[in-house]
Amino acid sequence: MSLPKAFPIRCHGGKTIDMPSIGYGTWASGDTSWAKDATVTALKEGYRHLDCAWFYGVDQAIGEAIRESRVPREQIFVTSKFWPNFGHPENVELCLDKILKGMGLDYLDQYLAHWPCVMQPVSRDALEKAFTSEEASPEQRGILLDQAGKPVIDWKASTNNLAQQKGTEGSFVPTWKAMQELVRKGKARSIGVSNFSVSELQELLPHEADVPISCNQIEVHPWLPNTELLDLHKKHGILTTCYSPFAGQKADGATLLKDEKVNELAKKNKMDVGQMLQSWAVQRGTVPLGKSATPSRIKSNLEIRKLSDEDVKVLDGMGLPGDEGRTVNNGPDWDVPFFKN
């Protein structure tokens, strides 16, 4: 029995659309020169789901790759996200417009809030001129900094979970409602969130109306199965998309890709490790967003197949005590209490 090629997600007016079950991650750490050619390779190998974000600084490269690949736009599911400095309700459309212009697209298939907090921008004019690249400073990105050089967080416009941890009350609902308007305008086919905890999703659930929460993009891999969040997602029809499906590096230098148990299972299944981890993710009903710039790995990461129940159970059981809940892997450097539900 084969694994699903796509999962339905909820969109506008009670309808659903299909999201391909394997996504190609386009996050860039500094250098973005790889992005165009690697994305062309991914599309030619058969990927039909691109996960992007304004902050990645690769919008132009992704747009060029889509056109160079000659894959029809309607066959590609494109996700992007707004950075928190665009998080006030009056600015979420501006970021979407910048993304569409950068990519040369007319619409996104999915538009996400990148984080559950809202930053103070330098000004609306600064946001209109803002750009992101390897060289761009926070100010050039339109981010207001305090005297310590940290982004200024508007806790009252952030989720109440975060605001209460800072001794005040907050609400992300006005921003969510502004995002819903973008679906009604036809600029995005669906909307969702990223890095939201259980309580933060519960804050938005009463305000879904005719435009629901389509997905929550979180860190998920065998070291961090995030079962509690996944259970909430399934209960409310929210699809889980998984960044860092291959995990990062622990403080002691250990990596999931070199984990002995993981490599034994991969060898047993005649797969490479990335291929097996992607298969495990899809078999759980989630969408992995693996990233690679190596053509052979781009190809193998897409070639998923069903694992035995026994092997899935082994991978399910690799989570470490205390790892449950949201964990930020290579997360942003600001003073936000991101570890409480």
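Structure notes:
- Scanning segment 77-131 for residues that are small (G, A, S), touching a residue at least 40 places away in the same chain (Cβ under 8 Å) and in a loop (DSSP other than H, G, I, E, B) yields G87, G104, A130.
- Segment 142-162: number of residues that are more than 24 Å from S214 (Cα to Cα), surrounded by 14 or more Cβ atoms within 10 Å (Cβ to Cβ) and among the small types (G, A, S): 1
- When we screen I66, I62 for residues that are assigned to a helix (DSSP H, G or I), buried (at least 20 other Cβ atoms within 10 Å of the Cβ), modelled with pLDDT of 95 or more and out of contact with any strand residue (DSSP E or B) (no Cβ under 7 Å at 6 or more places or on another chain), the only hit is I66.
Here is a yes/no grid of residues against (1) more than 18 Å from S300 (Cβ to Cβ); (2) open to solvent by less than 30 Å² (accessible area, probe 1.4 Å); (3) touching a residue at least 40 places away in the same chain (Cβ under 8 Å); (4) out of contact with any helix residue (DSSP H, G or I) (no Cβ under 8 Å at 6 or more places or on another chain):
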residue: D231; (1), (2), (3), (4): yes, no, no, yes
residue: L239; (1), (2), (3), (4): yes, yes, yes, no
residue: P245; (1), (2), (3), (4): no, yes, yes, no
residue: K250; (1), (2), (3), (4): yes, no, no, yes
residue: K258; (1), (2), (3), (4): no, no, no, yes
residue: K261; (1), (2), (3), (4): yes, no, yes, no
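- On the stretch given as segment 249-266, residues that are of a type in the set (D, E, K, R) and under 19 Å from D316 (Cβ atoms) total 4.
- E74 open to solvent by 60 Å² or more (accessible area, probe 1.4 Å) and within 29 Å of K177 (Cβ to Cβ): yes
- Filter result for E228 (acidic (D, E) and in contact with an Asp or Glu (Cβ under 7 Å, 6 or more places away or on another chain)): yes
- Elements of type helices (runs of 4 or more DSSP H) in segment 268-341, at least 3 residues being of a type outside the set (D, E), under 30 Å from P116 (Cβ atoms) and at pLDDT 95 or above: 273-283
- Segment 1-52, residues that are small (G, A, S), out of contact with any Phe, Trp or Tyr (no Cβ under 7 Å at 6 or more places or on another chain) and within 14 Å of L112 (Cβ to Cβ): G23
- Restricting segment 81-124 to residues that are of a type in the set (S, T, Y) and within 17 Å of E181 (Cβ to Cβ), the residue that is least open to solvent (accessible area, probe 1.4 Å): Y111
- Hits in segment 41-58 - residues which are closer than 15 Å to R297 by Cβ and either in contact with a Pro (Cβ under 7 Å, 6 or more places away or on another chain) or part of a helix (DSSP H, G or I) (or both): T41, A42, K44, E45
- Residue that is open to solvent by 40 Å² or more (accessible area, probe 1.4 Å), farther than 20 Å from I218 by Cα and outside any loop (DSSP other than H, G, I, E, B), where the choices are E139, E135, E181: E181
- Residue match in segment 33-52 (condition: among the hydroxyl-bearing types (S, T, Y), under 14 Å from A188 (Cα atoms) and over 17 Å from the mean Cα position of the chain (by Cα)): no
The values are calculated or read from the model by the stated rules, or taken from the named source; none is laboratory data. Quantities reported herein were computed from a predicted structural model and do not represent experimental measurements. For neighbour counting, all protein chains shown are included, and Cβ atoms are generated from backbone atoms with ideal geometry for every residue, glycine included. Please note that ligands, DNA and RNA were not included when accessible areas were found on the heavy atoms of the full protein model with its side chains. Shrake-Rupley method; radii C 1.70, N 1.55, O 1.52, S 1.80 Å.
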